[in-house]
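Sharing a structure with you now.
None of the figures in this text is laboratory data; all of them are computed from the coordinates on show. Predicted, not measured: the structure shown is a model, and the values here were computed from it. Every residue, glycine as well, gets a Cβ built from its backbone with ideal geometry; the counts of neighbours run over all protein chains shown.
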Ligand code: PXP
């Protein structure tokens, strides 16, 4: 069990995914019949206890649009965490919007969602330049990496204050007990190493209402970024119950 309460960042990309499925060509992101509105959803998540709102401005703009990011920046009361590729075009938006946090992720147009961690070790100069330019603008930078020793050390070497450990391999192994235990052990070792190197450690991808029990048992995590499971549950229960339930589970509820 965690010594301190873990924070919850709610990823609302899939709210925009649903909107884009119908209103991609609307020329506007909200108003009239255009729905659902990610900002309205974010405000409801905040009222239910979300500690931050996370959005990914993908280069192909498949869900969040630039206007969404600006509306969120202007209106949310918690912290805006912008997931972004190592791309100069998205960096220009980030430096203009100035989110509280930026999480640098790898991006591949063919993927359904972010599939692997950022290869920091293989492109240290490039990543260091993004960390520096965002940091100079007052944005706290996190690097989304696999729970591998080389990547954790590289994240520390490029002066990122935060990392977000990719929990996808753990989550995907839900039906394979041996692999699942091995992935949990990898995560645990990565959290320890990162904290020893002075990094603040977040985690995310594929975390749901069932596997959260194992994630909360990993000591030393600061914040979880959770999207798909919360948005999916909200279709049945509404946003309020979906967010409240996840926060309760994160903080020890049975
Ligand atoms: N963290 C990062 C960096 C991500 O790219 C994603 C997926 O968009 C998430 C967290 C949330 O993953 P999920 O939607 O599976 O909860």
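For q = 0.26, 0.27 Å⁻¹, what log10 I(q)/I(0) does region 118-167 give under the Debye formula with an equal point scatterer on each alpha carbon and no solvent?
-0.92, -0.99
How do 242-251, 178-187 rank on mean C-beta neighbours within 10 Å, highest first? The partial results should precede the final answer.
Numbers: 242-251: 19.6, 178-187: 15.8.
Output ranking for 242-251, 178-187: 242-251, 178-187.
Taking only the alpha carbons of region 1-95, what extent do you get along each of the three principal axes, in Å, biggest first?
48, 33, 23
Any chance you could tell me what percent of the C-alpha pair distances in region 51-150 go past 20 Å?
Working: 1704 of 4950 pairs.
I get 34 percent for the Cα pairs in region 51-150 exceeding 20 Å.
Below 8 Å between Cα atoms, with a sequence gap of 6+, how large is the relative contact order for region 20-169 in percent? Intermediate values should be presented prior to the final figure.
Working: 228 pairs, mean separation 25.3, N = 150.
For region 20-169, the relative contact order is 17 percent.
Rank-order 232-238, 9-15 by packing density, defined as the average count of other C-beta atoms within 10 Å over each peptide's residues, highest first.
On the way: 232-238: 13.7, 9-15: 25.6.
Per-residue mean Cβ counts within 10 Å order the peptides as 9-15, 232-238.
Still on this structure: Only Cα pairs under 8 Å and at least 6 apart count here; give the relative contact order of the chain as a rounded whole percent.
Details: 473 pairs, mean separation 53.4, N = 254.
This gives 21 percent for the chain.
Taking every eigenvalue of the Cα gyration tensor of the chain, multiplying by 5 and rooting it, what semi-axes result, largest first, whole Å? Show your work: numbers first, answer last.
Details: eigenvalues 141, 106, 52 Å².
Calculated on Cα positions only, the semi-axes equal 27, 23, 16 Å.
Need one number: convex hull volume per residue for region 147-213, Cα atoms only, in Å³.
Details: hull volume 5.1 nm³, N = 67.
In region 147-213, the Cα hull volume divided by residue count equals 76 Å³.
Using a Gaussian network model of the chain with C-alpha springs under 10 Å, which one of 94, 26, 16 is most mobile by mean-square fluctuation?
Result: 26 has the largest fluctuation of those listed.
So, one more: Normalized C-alpha radius of gyration of region 108-254, against 2.2 N^0.38 Å? Walk me through the numbers on the way to the answer.
On the way: Rg = 15.9 Å, N = 147, 2.2 N^0.38 = 14.7 Å.
The value comes to 1.08.
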